[in-house]
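Asker: Supplied in structure tokens, the structure appears directly below.
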Amino acid sequence: MIRFDLLLAVTMSAAFTLNAAGQQQCGIELPPCDEPHGAPGCLQTGCCELVCETDLFCCEVSWDETCVEQAAELCGDIACPNLGGCLEIHETPGCLDESCCELVRLHDPFCGYGTWDSICVAEAEGWCGVLAECQIEPPLDAIPEGEPCLERINDGCSQDALEAVASLIHCGDQIYGKTTTTVPRDVDWFRLPATTDGMWTATLSSEFPARLLLVTGDCEGPIRTVDQYHVDPCTSGDWSFVLPEGQWYLVVEAGVSGRALRSGLPCDEIDPKNPPDDDEEPLPRTYGLHYLLQLDCHPVECGADLDGDGAVDGQDLGLLFVAWGACSDPCTADLDGDSVVDGQDLGLLFAAWGACP
Amino acid sequence: MGLSLRTIRSGTSLVCSSILLASTLAIGEPTAFADGPFLFGPPQIITMPTPHSPTMVATGDLDGDGDFDVVVPGRNVEGFAYLMLNEGGVLGAPVELVTGGQTDWVEIVDLDGDGQLDLCFAVRSLRGRLSILRGNGDGTFLDFEEISLGREPRSVVVDDLDGDGDPDIAAMNHRLPIIEILLNDGAGSFVRAPQVVVGRSTVGIPFPQGIRSVDLDADGDRDLVVVATGASRIFICRNQGDATFEASEGWRPSRVNGQIGGMTNLSVGDLDLDGDDDLVVPLILIGESSHVGIFENRGSVSTVEFNRDLAFPSTNLGYAYASAMGDLDGDADLDVVIGHALPGPVMVLDNRTVPIAAGGDGVIRLEPPQQIANDSFFRGLAVADLDGDCDLDVLAVELISNSLWILPNLTPQANGCGDGFVGRVVLPPTTRETPARSKIEVDRLVDLDGDGVVGGSDLALLLAGMRGDQADAVQPVRRPEGAAPR
């Protein structure tokens, strides 16, 4: 779109230097650069000057929506490091810790050209501090996840899948996987064994900030993410959970508490359909791409099954009555462990009546 | 929160000329009430005084004279919305309301319990915030107050979320998948309650676009429903009674020939008259006629279940964008109004559901759409009795022509309301010629939500971000890698 007003402005201001124009119209008296407004110029001086070097209209006529869009495109690189602590709210963009500043700006560009507001601080609190580089060495018996970057073999309910597309994971498995933020972003869904009860522990080691999600439901709906767990890059975490009956999925994705990462993990494979040019610079990679996920299952013990036949029934009731009263170890009928077989144990037995889980 | 105001007035000046004009079109046999075409008078078109990119329209009695006044938020670079006071059924000239930023949504409600309606705007900014204008009761307002929010709030709902009798606020952020809950202390001051996370279920970016409140599980409290355009899902957040919410549940809309439509908007109402509220979503489809998708509430208690099998065509002229519901023919059920984009007819779908309570099967049936207006991009809709004749008129904001359209309802009303107009209309009232705008070239669309496919959700995101001056210059937008699209 040709902007005649811009052409006019350029013609009329030929004697101005761009910087001079920018300095005249940028500063603290003005509204912020991320919001369109009628006056020329905007609050963040560095960003304002940068935009006006490209589009003089923004500093001579009006800071309109186009200027805002240009600010979003142009100003993300100018503010790291910058004044202000990364864990403190301040009016200027960026913050002192360059690596933290870069990380936050990468995922929330506003923090790099707008103001370092409470959201940026919260993101810094969640994301910064663990920026180590590492490389996970998978154990020999680890199972490769086996999904190339550009394929979609376990992306769950993404796109228009009628049913969740997921890999299987079994108790005791260790999965060596990879995920990326290259569009389409990659997430890895693992279908948990159809065990109906018990404690589960997922152990995740990751080269990138990772999230584990517990998801249940149907792609068409309802589908719910009922809980999540976060692992910092180059660390490992154990997440134990109990699952109600149903089909559950454990999902690995790049992200931090409450948010998925949108960038920083570009695919490291060559797309045969779209190979890069020889002189093409690879996209910057903030982290490694790999993770190691181990699943351990701890079935609920069926303590009231005194005879070990897989069910709590009349035979177990009989054994409990036989052991009634004071009872020293070992005493299988002392279900609550108080060294007495009494009404409480009887209640526990009745509560567990039926087939063991 | 629904407004209790529903003042019935007999006199009207807004539609007098419309009635005369329409009457000249009326010939032939009388038609049965609620069984004929919808009839709307020529629109009263109010062009905003400055480039405003109007985003929605809301009504309420802001000056205490018993009729509905109108507020139109917009993406105005000067940071104001427009107020039009209703005087005897005629809207006055737009008056600027300084809000401090571009606004995509407004709720009209008495926030501080002083008996005067206040305005609560969602300011669409990466420094997201609410802008609250407290009403003086005479159509004037105090200077705006701000409450900070997350990244780019595009919609807000005001309702009693914690059951203490005063209106609370739930605001959704387009660029953060969280809903922010602000609890009212009864005097219009707000404290933050735990946020609600809009669940993840796709690789794409959810991009929430709209939020409404409704009791879906019949437990007496207000649940939240979010339309997430990027995820092509609605998310249900069930209230536990105290403004804390269970993990959100995502639901896809009904598929149309296998395609999942893009969604930008949501309406709530009891379509099948079974005592619970259903949800209506406009569906943006590629290569298909636009549709209206229905989430029919099955009335389950302590859970939410929908029948999603129903979808009705809304037009093959443009992309379904905005929705509203109201009983437009006085037959005691809710009809559906859909605004479209590029081009932009307004269509009404007559509700012909026969409820179970009346001996019917309760299956939702909507008649084929009837066009009541046409222009370029009707981005927001509302229904209200503007002219005081006790039938519902349609209000629509037109993004491209920067205007508010008032469509006076002349439809014969089964309940005896209306203008007394009886007859069969041979031709619908002429509005405008269909503008010669081409549809968006879908092959130029890009994957805005980053899910790896270009579909209705991407088109919906493109439309939702559009300003009034952009319809003829739709540009592909960068993919999210590296930097989020704006």
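The values are calculated or read from the model by the stated rules, or taken from the named source; none is laboratory data. Here the structure is a predicted model, which means the values were calculated and not measured. A quick note on method: Cβ atoms are made from the backbone with ideal geometry, for glycine too, and the neighbour counts reach across all protein chains shown. For accessibility, only protein heavy atoms count, side chains too; no ligands or nucleic acids. Shrake-Rupley method; radii C 1.70, N 1.55, O 1.52, S 1.80 Å.
Asker: Would you tell me the accessible area of A:His298, worked out with a 1.4 angstrom probe on the heavy atoms of the protein chains, in Å² to the nearest 10?
Answerer: 90
Asker: Can you list the residues in the stretch A:88-123 whose accessible area drops by at least 40 Å² when all protein chains are present, compared with the chain alone? Use a 1.4 Å probe, heavy atoms only.
Answerer: A:Phe110, A:Ile119
Asker: Simple spin-label model, 7 Å along Cα-to-Cβ: A:Gln247 to B:Glu96 in nm?
Answerer: Reported label-point gap for A:Gln247 and B:Glu96 is 5.8 nm.
Asker: Calculate what fraction, in whole %, of the accessible area of chain A sits on carbon and sulfur atoms when a 1.4 Å probe is rolled over the protein chains.
Answerer: Values: 9120 of 16660 Å².
On chain A, the fraction of accessible area on carbon and sulfur atoms equals 55 percent.
Asker: Could you run the Karplus curve 6.51 cos²θ - 1.76 cosθ + 1.60 with θ = phi - 60° over the stretch B:78-91 and give me ³J(HN,Hα) per residue in whole Hz, x for Gly and Pro?
Answerer: 7, x, 9, 10, 10, 10, 10, 7, 8, 10, x, x, 10, 7
Asker: Using only protein heavy atoms and a 1.4 Å probe, report how much of B:Met325 is accessible, in Å² to the nearest 10.
Answerer: Roughly 30 Å² of B:Met325 is accessible to a 1.4 Å probe.
Asker: If you don't mind, there's one more thing I want to ask. Sorting A:Leu335, B:Leu216 by accessible area (1.4 Å probe), largest first, what list results?
Answerer: Working: A:Leu335 50, B:Leu216 0 Å².
Output order, biggest surface exposure first: A:Leu335, B:Leu216.
Asker: Also, I was wondering about something else. Taking 7 Å along the Cα-to-C-beta vector as the label spot, tell me the A:Asp238-A:Val340 distance in nanometres, rounded to one decimal.
Answerer: The modelled label-to-label distance comes out at 3.5 nm.
Asker: Ignoring ligands and nucleic acids, what accessible area does A:Arg152 show with a 1.4 Å probe (Å², nearest 10)?
Answerer: 60
Asker: So with the 1.4 Å probe, I'd like the accessible area per residue for the stretch A:311-355, rounded to whole Å².
Answerer: Numbers: 2550 Å² over 45 residues.
Each residue of the stretch A:311-355 exposes 57 Å² on average to a 1.4 Å probe.
Asker: Give the range of the longest stretch in chain A that excludes all GluC sites (Glu not before Pro) found in loop regions by DSSP and having at most 16 other beta-carbon atoms within 10 Å. Before the final figure, lay out the partial values.
Answerer: Working: sites that count: A:Glu29, A:Glu88, A:Glu91, A:Glu133, A:Glu151, A:Glu163, A:Glu245, A:Glu269, A:Glu280, A:Glu301.
Free of exposed loop sites, the longest segment is A:164-244.
Asker: Moving on to the next point. Counting only helical runs of four or more DSSP H residues, what would the 222 nm mean residue ellipticity of chain A come to if each run contributes -39,500 (n - 2.57) and the total is spread over all its residues?
Answerer: After summing the helix terms and dividing by the residues of chain A, the value is -6500 deg cm²/dmol.
Asker: In whole Hz, with x marking every Gly and Pro, tabulate ³J(HN,Hα) for the stretch B:145-160 from phi via Karplus 6.51 cos²θ - 1.76 cosθ + 1.60, θ = phi - 60°.
Answerer: These are the phi-based 3J(HN,Hα) values: 10, 10, 10, 6, 10, x, 9, 6, x, 10, 7, 8, 10, 10, 6, 7 Hz.
Asker: What's the extension gain from B:Asn136 to B:Arg192 if we count 0.36 nm per residue and subtract their Cα-Cα distance?
Answerer: On the way: separation 56, 0.36 × 56 = 20.16 nm, distance 2.60 nm.
Contour length minus Cα-Cα distance gives 17.6 nm.
Asker: Shifting gears a bit: Compute the distance in nm between two label points, each set 7 Å from the Cα along the Cα-to-Cβ direction, one at A:Leu319 and one at B:Asp114.
Answerer: Distance between the two pseudo-spin positions: 7.5 nm.
Asker: Report the accessible surface area buried between chains B and A, summing both sides, using a 1.4 Å probe on protein heavy atoms only, in Å² rounded to the nearest 100.
Answerer: Numbers: alone 17640 and 18640 Å², together 32200 Å².
In total, this chain pair buries about 4100 Å².
Asker: I want the antiparallel fraction of DSSP beta bridges within chain A, as a percent rounded to 5. Write out the running numbers ahead of the final one.
Answerer: Working: 49 of 53 bridges.
Once the DSSP bridges in chain A are tallied, antiparallel ones form about 90 percent.
Asker: To continue, here is another question. Using a 1.4 angstrom probe on the protein heavy atoms only, could you order B:Ile364, B:Ile147 from most to least accessible area? Don't skip to the end; give the middle numbers.
Answerer: Details: B:Ile364 5, B:Ile147 35 Å².
Putting B:Ile364, B:Ile147 in descending order of accessible area: B:Ile147, B:Ile364.
Asker: While we're on this one: Which percent of the accessible heavy-atom area of the stretch B:346-411 goes to carbon and sulfur, probe 1.4 angstrom? Don't skip to the end; give the middle numbers.
Answerer: Details: 860 of 1460 Å².
It is 59 percent, rounded to a whole number.
Asker: Taking amide H atoms as placed 1.01 Å from N in the peptide plane, list the residues 5 or more away in sequence, or in a different chain, whose amide H sits under 5 Å from that of A:Gln159.
Answerer: B:Val203, B:Gly204
Asker: Are there chymotrypsin sites (Phe, Trp or Tyr not before Pro) in the stretch B:235-298 that DSSP marks as loop and that have at most 15 other Cβ atoms within 10 Å, and which are they?
Answerer: Numbers: sites: B:Phe235, B:Phe245, B:Trp251, B:Phe295; in loops: none.
Taking the stretch B:235-298 and a limit of 15 other Cβ atoms within 10 Å, no loop chymotrypsin sites (Phe, Trp or Tyr not before Pro) are found.
Asker: Moving on to the next point. Once amide H atoms are placed 1.01 Å from N in the peptide plane, what residues at a sequence separation of 5 or more from B:Ala373, or on another chain, have their amide H within under 5 Å of its amide H?
Answerer: B:Val346
Asker: So what are the ³J(HN,Hα) numbers for the stretch A:81-93, from phi and the Karplus equation (6.51, -1.76, 1.60; θ = phi - 60°), rounded to whole Hz, Gly and Pro as x?
Answerer: Values per residue, Gly and Pro as x: x, 8, 5, x, x, 5, 9, 10, 5, 8, 7, 8, x Hz.
Asker: If exposed means no more than 16 neighbouring beta carbons inside 10 Å and the site is in a DSSP loop, what's the longest run of chain A without any exposed chymotrypsin sites (Phe, Trp or Tyr not before Pro)?
Answerer: Numbers: sites that count: A:Phe16, A:Trp324, A:Trp353.
Segment A:17-323 is the longest.
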